[in-house]
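Notes to accompany the following structure.
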Amino acid sequence: MSKLMMVMVGMLALSLSAGCEKSSDSGSLGALDGTWRGTTAGRPLTMNLNQNGTSLSGSYKLENPDFEENLSGTASSATAPATAVLSGGADRQFRITFNSENSMSGGFFKGSTQVGSVSATK
């Protein structure tokens, strides 16, 4: 086999194996998980979400004054667009719509009362 032919075969094998690796990694992260940053009730909001199918869990942090707690809930779909109710401690919850994989909006509730609108991106 000529040197040129061996180089070409090697490059083809490398490109095929790289393609396979990328394909297997593409399902490792959910479409809705990640770090979301925005505001609610006039306060900076950071929400870190982990996704397993339609199940969501993680935490959120509000600033000024600082407050942080865990949350969990279920989305209507594993991909956007989807709606979700994410419950924190006591009777706090986010009722949100994932407009896309990079944009969410909705409300922050204490009990049945909405105390702020939510707008965030990742």
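Tell me, PHE109, PHE67 in order of fewest to most beta-carbon neighbours within 10 Å?
Sorted ascending by nearby Cβ count, the order is PHE67, PHE109.
Treating only the Cβ atoms of Lys and Arg (+1) and Asp and Glu (-1) as charged, compute the dipole magnitude of the stretch 34-121 about its Cα centre; round to the nearest 20 debye. Intermediate values should be presented prior to the final figure.
Working: 6 positive and 6 negative charges, 30 e Å.
Here the size comes out at about 140 debye.
If you average over every viewing direction, what projected area does the convex hull of the Cα atoms of the stretch 34-121 give, in nm²?
Details: hull surface 18.9 nm².
Mean projected area for the stretch 34-121: 4.7 nm², to one decimal.
Rule-based calculations on the coordinates, nothing more; no lab input. These figures come from a predicted structure and were not determined experimentally. Cβ sites come from the backbone with ideal geometry, for glycine too, and all protein chains shown count toward neighbours.
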